[in-house]
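A.B. asks: Below are the structure tokens for one structure; questions will follow.
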Amino acid sequence: MTKPYGSSLDDHLDAEVARDPSLADTAATIRALAAAAIDVSETVGRGSLAGDLAAQGEHNSDGDVQKALDVIAHKRFMQALEEAPVAQVASEEAEDVVTLKADAPLAVAIDPLDGSSNIGVGMVVGTIFGIRPVTQGQGIDDPNASFLTSGTTQTAAGFVVYGPATTFVVTLGNGTRIFTLDRTDKVFRLTHDAMKIVPSANEYAINASNVRHWDGPVKSFIEDCLRGSEGPRDRDFNMRWTAALVADAQRVLIRGGVFLYPGDNRKGYAQGRLRLLYETAPIAFLIEQAGGAATDGQARILERVATKIHERSPLVFGSTEEVECVAKYYDGRQPSAGRSPLFGQRGLMRS
């Protein structure tokens, strides 16, 4: 009897290699990452039965305290990549680039566990990765070199959501697709083919607790969303925020809307907190391949070139009309921004 779901991730990868044989190594690396994701999913699914996954340990490259699950995920993905055609790995959980096979053709940037603050309360966490070619003639001598290129060099990107269902979202430059883990067969199967983000939607995602730290354009944009049908946007909005980039990205892929993680005036937050190589660039690739847009508020994310492996970047992504609207606030093309009779001359969010 035919099963009521789509083809497997393996089938899709085979089709992509048939379309473009140069993707064979990229496909092999994605298979390795998917196998590791299934193992991590099982650990996440056990929750407290797997031990104190939120137990604190050492500090990672970002200065954040590692949770036990951070370490577990990093170790499992590194083990998987050791068996793949990968020369270097830039991981959030490692200070420096890790060299695996010096003569391999690919470099992988990875956040093994996105949303670490959600671990102890059983909320969504995930994994994000981007795959790039090794920079010819430089990668062996300088393991950082392969990562100090624009996001347009990525051959593939993806993320995993460990939630009520485990999903594997991936692009090899030929559209973005979502595969859902069939827990019976331990196989990822296609559930959302060739995603197309709607051009406009009435949802935005931002951590509103940081409002007092935002710059003027972000404050004005969010204030005008809050004014709803009485403001210049002429419609009402809902706010969503999960504290896991992967969950917000998957929602945008399926329902549209806009996500914002801007820089702000707190110490160490001038460029936000997301990392260009293994968070914003992979997400931008996936979003653009689904017909959306991704910027730092003013410039395309995929055109940014990192100067160091843990470099940060603001991130605005989602429906094209919503991202363009944010850009208007940044460059002054939104003349009604902040003129809020509802909240008085200073407005709800004026500092």
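A.B. asks: Could you list all residues from segment 69-124 that are of a type in the set (Val, Ile, Thr), in contact (Cβ under 8 Å) with a residue 12 or more places away in the chain and not in a loop (DSSP other than H, G, I, E, B)?
C.D. replies: Val71, Ile72, Val86, Val89, Val98, Thr99, Val108, Ile110, Ile119
A.B. asks: Yes or no: Thr167 free of Cβ contacts under 8 Å to residues at least 12 places away in the same chain and polar (S, T, N, Q)?
C.D. replies: no
A.B. asks: Same structure, new question: Say whether the condition of being more than 30 Å from Asp39 (Cα to Cα), outside the structural domain of Ser117 (by TED's automatic domain parsing) and more than 19 Å from the chain's Cα centre (by Cα) is met by at least one residue in segment 248-264.
C.D. replies: Yes, some residue in segment 248-264 is more than 30 Å from Asp39 (Cα to Cα), outside the structural domain of Ser117 (by TED's automatic domain parsing) and more than 19 Å from the chain's Cα centre (by Cα).
A.B. asks: Check Asn118 against each of (1) closer than 23 Å to Arg183 by Cβ; (2) surrounded by fewer than 23 Cβ atoms within 10 Å (Cβ to Cβ); (3) modelled with pLDDT of 95 or more and name the one condition it does not meet.
C.D. replies: (3)
A.B. asks: While we're here: Within segment 135-157, can one find any residue that is of a type in the set (A, V, I, L, M) and touching a His at 6+ places or on another chain (Cβ under 9 Å)?
C.D. replies: No - not one qualifying residue is present in segment 135-157.
A.B. asks: Might you check whether a residue that is surrounded by fewer than 18 Cβ atoms within 10 Å (Cβ to Cβ) and in contact with a Lys or Arg (Cβ under 8 Å, 6 or more places away or on another chain) occurs anywhere in segment 307-325?
C.D. replies: yes
A.B. asks: Can you tell which of Thr149, Thr127 is surrounded by fewer than 20 Cβ atoms within 10 Å (Cβ to Cβ) and either over 17 Å from Leu302 (Cβ atoms) or in contact (Cβ under 8 Å) with a residue 12 or more places away in the chain (or both)?
C.D. replies: Going through Thr149, Thr127 in turn, the sole match is Thr149.
A.B. asks: Return a yes/no flag: does segment 168-180 have any residue that is farther than 23 Å from Ala94 by Cα, part of a loop (DSSP other than H, G, I, E, B) and among the aliphatic types (A, V, I, L, M).
C.D. replies: Yes.
A.B. asks: Among the residues of segment 196-230, how many are within 30 Å of Ala165 (Cβ to Cβ) and crowded, with 21+ Cβ neighbours inside 10 Å?
C.D. replies: 5
A.B. asks: Another question about this same structure. Residue check: is Arg304 surrounded by 16 or more Cβ atoms within 10 Å (Cβ to Cβ), among the basic types (Lys, Arg) and modelled with pLDDT under 95?
C.D. replies: For Arg304, the condition - surrounded by 16 or more Cβ atoms within 10 Å (Cβ to Cβ), among the basic types (Lys, Arg) and modelled with pLDDT under 95 - is not met.
A.B. asks: What's the number of the only condition in (1) modelled with pLDDT of 95 or more; (2) surrounded by 23 or more Cβ atoms within 10 Å (Cβ to Cβ); (3) of a type outside the set (A, V, I, L, M, F, W, C) that Asp20 fails to meet?
C.D. replies: Looking at each condition in turn, Asp20 falls short on (2).
Condition check ((1) of a type outside the set (Asp, Glu); (2) at pLDDT 95 or above; (3) in a strand (DSSP E or B)) across all residues:
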{"site": "Pro232", "(1), (2), (3)": "yes, no, no"}
{"site": "Val246", "(1), (2), (3)": "yes, yes, no"}
{"site": "Phe259", "(1), (2), (3)": "yes, yes, yes"}
{"site": "Ala270", "(1), (2), (3)": "yes, no, no"}
{"site": "Ala294", "(1), (2), (3)": "yes, yes, yes"}
{"site": "Gln298", "(1), (2), (3)": "yes, no, no"}
{"site": "His310", "(1), (2), (3)": "yes, yes, no"}
{"site": "Glu324", "(1), (2), (3)": "no, yes, no"}
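The values are calculated or read from the model by the stated rules, or taken from the named source; none is laboratory data. Since the model is a prediction, treat every value here as computed from it, not as a measurement. Here Cβ is always computed from backbone atoms with ideal geometry, including for glycine, and neighbour counts include all displayed protein chains.
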